[in-house]
1. Can you tell me how many residues within the stretch 333-351 are touching an Asp or Glu at 6+ places or on another chain (Cβ under 8 Å) and surrounded by fewer than 16 Cβ atoms within 10 Å (Cβ to Cβ)?
2. In the list Ser124, Ser167, which residue meets the criterion of being of a type in the set (S, T, N, Q) and not in a helix (DSSP H, G or I)?
3. Is it the case that Leu354 is under 23 Å from the mean Cα position of the chain (by Cα), at pLDDT 90 or above and crowded, with 19+ Cβ neighbours inside 10 Å?
4. Need at least 3 residues that are under 19 Å from Phe362 (Cα atoms) per element, so show me which helices (runs of 4 or more DSSP H) inside the stretch 375-448 make the cut, counting only ones lying wholly within it.
5. Take Phe614 and tell me if it is touching a Leu at 6+ places or on another chain (Cβ under 6 Å) and more than 30 Å from Trp462 (Cα to Cα).
6. Could you tell me whether Gln435 is without any contact (Cβ under 8 Å) to a residue 60 or more places away in the chain and either of a type in the set (Phe, Trp, Tyr) or under 18 Å from Ile508 (Cα atoms) (or both)?
7. Can you tell me which residue is surrounded by the fewest Cβ atoms within 10 Å (Cβ to Cβ) among those in the stretch 439-455 that are in contact (Cβ under 8 Å) with a residue 40 or more places away in the chain and within 28 Å of Ser494 (Cβ to Cβ)?
8. Just one of the numbered conditions (1) more than 30 Å from Lys314 (Cα to Cα); (2) modelled with pLDDT of 60 or more; (3) part of a loop (DSSP other than H, G, I, E, B); (4) not acidic (Asp, Glu) is not true of Ser17; which one?
Amino acid sequence: MATNHSGVQGEVDASSSPPHFISPGDGCVWADASSLIDAACNDLQEGDLVHGENFSLFAAMSALEIMDPKMDSGIENGYCTVEEAIEAGAAPVPLSFDRTVDVQRTIDVMDHLFSCEATWHKGSILAQTVFSCIYLLRLERTSPHPILNAYCRIMHATCNEIIKFVSNARTHEEEDLFVMAYGLPLKDEDNERLHAFLHSVEETISRKLRACKAQPSSKKKQVEDVEPLQTNPELEEGYCRALLCRLRFRKYFDLTLRHIRNWQGKGQSMAHKYIITCLAELENMRKNENFLKSQPHISCKDSPETSTTASGCKAIGFDATLNAKSLSPAPPRAAKIISWHDARVYFEKLLHDLDILCSFSFDPMLENILQFVVQFQKSKPDLVARAYLQLLLIQSGKLYGREFFHEVIARVLLLPDVAKDKAFHQNEFVVQLGQLLMVLLKILCTNSAWQRRKLGKTLQDWSVVSIQLELAYNREFGEAQNSSADEGLHAKVSKRLFLWAQEQTYWIASRFLQLGFELELYSPWEYCMVYWYMSVVFVQLLEKIQLRSIANIDTTRQKGKKKRDNHAKDHSRDAIFSPSCLLLQCHVYLCEGLAMVLAALRNEGSAFKMPNTFNSEHERFIQHFELLLRAHLPEQISFSSFHESILHARVSDVVRCDYFKEIQRITTSLKGSFAEVPEKLSEIRQIEQVAERNRIALNIINQLGASDTSLRVSFELTHHPYFAVVVVKRS
């Protein structure tokens, strides 16, 4: 915070030195403020500020500090233009007249661009990362250097492709700067011609590699036909391999991105093939690292943790300040380029994520699609992979670019024939649900923070449509469903539609609450209310799933009236106790058990009592669940109902209920049901571990007493991302 100095009261009084007005010739009148600034400089101390009468701290938040390189984009720092940098020799072509040094520097430029690209993918500005390369800004200058020209051109094309894809997916809203080009030279180039040129450069280096590996008997003839890459024969093979793996990685990475968007025909299989090749070339780059570091002519080396090149040498031809003036009128962002090692790890993960998308089976069932997206998000994919996921799911407003969403909804309702009915897909509620479903899939493809925020907002829409559907059904068929044994098609569709909408609403609510753990939004003192609310939501979700399953079975029973009633009852029982419902029941027991354990520890001891330093427990309840409460999920839930439910909790009561033992009993029977589903089996094992450890910890607390001051109880998310393990220690 700045203060007024004795000589500067609000504003500097410049009446003693009248300003001199000058006209720059463009119709504007400028006042010379030099004397004013000189007076302020002579009088102000560090931390003092010259400001007007209307100055406020709020205005200071958007103020720019002149001459601060992090805020003032107009500051003279480095070269003013690309041409000035070129004239000063910042980006020579060739990179050195010594051919060995030229090859080494070319590899360094490739590596630094590789690191810049990874930095850009992680949310930095394209202008200050990839296009900080002077060779990319003036691509035509690299024509005399085929290797550098080929690499820069394919890098240019790949950036263009990624920007198009991310822009179409609109996932860039979470990293707004990603697709901003700031007038950079991003023009399309004929892809076939580019790859043909890249292939010719690759073949030329391959011939040089074969020549240097030839046996002494045939080496003489080979050398006569093929000019070596550089002048040192001992380094020829290493440099050829280093260049080849980098050029091949760029070629196959670009082909991966272009084939992965063409899911029809052989697009998936070809993308998978190219991904395998890219991973192999990344491994070759890693193996070649020691050779590049060991060269004697490299004098200046950075540490591997910070170096943006494999050799450790600083790359030439880069200046991040060149594009500072072309950025938006905001302060220039200081982009810290990640190391070459981290960039390699990033691309390996990106390729693995894209490979998972290549293995996607285009499952038509919505439930399986949602599970796939949630499972994919557990690996925390970056923006590029999530953009491709979204465009895989939704193309031209259709699922996989093939099916309208009213057809998807008809399949969910187990009434595929009704999708052909014009009245169905033009129904107001079906249109709304189709739009909400498309928006939901897009939201699930965003990062965790953006996803949670958007899910909380879309809950309102889902809740409103669910309530309207139920009211419409009760108004139209409420009496008829009690008097008639047979439901008409319209009644059947309406009933299943509102039951599915309710189920989907609670699924979104459960996802919203779970993401709070991923984002570390809950403190251990708040776990009690969070697990209590999660248990209520899971119970409602379980109920909606069972009601919809029973409604589907009732329809089947009505079609075959000759079937015995006990056979129909068996189907109802199977629906209620299906493996999916039993797994969800485990979630209910875990949440109830953990909530009651925390409540009992609060009631019987001093542990996990909410500190009221800044806000009360009631205020935190509202802060965490406000969006759910607005959507009435569930109805008649409030802080008072939470407080009443935990008020009389005791450790002995929790032991008697034995939530965790019941979980172990259910999970034992579930392993056979999910034997072919590895993701579900993994979750069952995690739940088993949490239940077993919590059961042991609860018995220890019960034996020693929750009021024992020597007990130290903590809750850790070590075995499951959402369900904590109770850890008991003695001081």
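The values are calculated or read from the model by the stated rules, or taken from the named source; none is laboratory data. Quick caveat, the model's predicted, so the values are computed rather than measured. So basically every Cβ, Gly included, is an ideal-geometry build from the backbone, and we count neighbours across all protein chains shown. Side chains are part of the model used for accessible areas, which takes the heavy atoms of the whole protein and leaves out ligands, DNA and RNA. Shrake-Rupley method; radii C 1.70, N 1.55, O 1.52, S 1.80 Å.
1. Looking only at that region, the number is 1.
2. Ser124
3. Answer is yes for this residue.
4. Of the helices (runs of 4 or more DSSP H) lying wholly inside the stretch 375-448, those with at least 3 residues that are under 19 Å from Phe362 (Cα atoms) span 383-393, 405-412, 428-444.
5. When the stated conditions are applied, Phe614 does not pass them.
6. yes
7. That would be Lys442.
8. Every condition holds for Ser17 apart from (2).
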